[in-house]
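Student: Pasting a structure below so you can have a look.
The values are calculated or read from the model by the stated rules, or taken from the named source; none is laboratory data. In this text the structure is predicted, and so the values were computed from the model without any measurement. With ideal geometry, Cβ positions are generated from the backbone for all residues, glycine too; neighbour counts draw on all protein chains shown. Remember, those area values only see protein heavy atoms, side chains included, never the ligands or the DNA or RNA. Shrake-Rupley method; radii C 1.70, N 1.55, O 1.52, S 1.80 Å.
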Amino acid sequence: VSAAARDGDWELRGELRSRAGVESDIGTVHGALTATLLPCLHVPIVEVRGGDPIGVQLCASGTAGMVWAVGGYFGLSPYVGTGGQLGLEWVQPDRAAWRIWGQAELALFRPIYVDLTGGPLVDEAAPANAAIGVTWEIPISP
């Protein structure tokens with residue numbers, strides 16, 4: 001889920017994400033609920049079809065959230081990360097937009113889990129995360 005406020009070429013976007021997965025080696029279910037704030041700059045490069053711009057979207061990102069694991073590992077811990085997003089966008093006359101983007105994030109603080117199989121505390125969270133995506137965004141005006 002995301003929401004954004006845009007003024008000209010500048011945008012402030014907030015995103016709420018949830019993800020979950022399973023590790024089969026010791027039967028651990030893990031997941032995260034994160035909130036990301038992205039200040040973005042939109043740079044039009046070329047106009048097509050009567051003025052619809054195709055351009056680049058450049059964003060910084062700051063993320064905070066909670067990460068959990070249950071099973072072979074156990075833990076509930078905060079997560080903090082920072083990074084950026086780079087995308088190619090095609091903005092329509094009504095400000096709807098297609099975006100293809102990539103995002104990279106470095107973990108500033110990541111969780112430590114208890115290994116329930118008798119081992120030591122385990123640092124299971126990745127030191128960096130990356131994602132790619134395609135989005136269709138629809139503007140809603142108050």
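Student: Quantify, in whole percent, the carbon and sulfur part of the accessible surface of the range 1-119 (1.4 Å probe; protein heavy atoms only).
Tutor: Answer for the range 1-119 is 68 percent, counting heavy atoms of protein chains only.
Student: Under a Cβ-only charge scheme (Lys and Arg +1, Asp and Glu -1), can you give me the dipole magnitude of the range 38-142 about the Cα centre, in debye to the nearest 20?
Tutor: In debye, rounded to 20, the range 38-142 gives about 80.
Student: Further question on the same structure: Taking the C-alpha atoms of the chain, how large are the radius of gyration and the largest Cα-Cα span, Dmax, in Å?
Tutor: Calculated on Cα positions, Rg and Dmax stand at 18.6, 66 Å.
Student: With each pseudo-label sitting 7 Å past Cα toward Cβ, what's the T82-V134 distance in nm, one decimal?
Tutor: 3.4 nm
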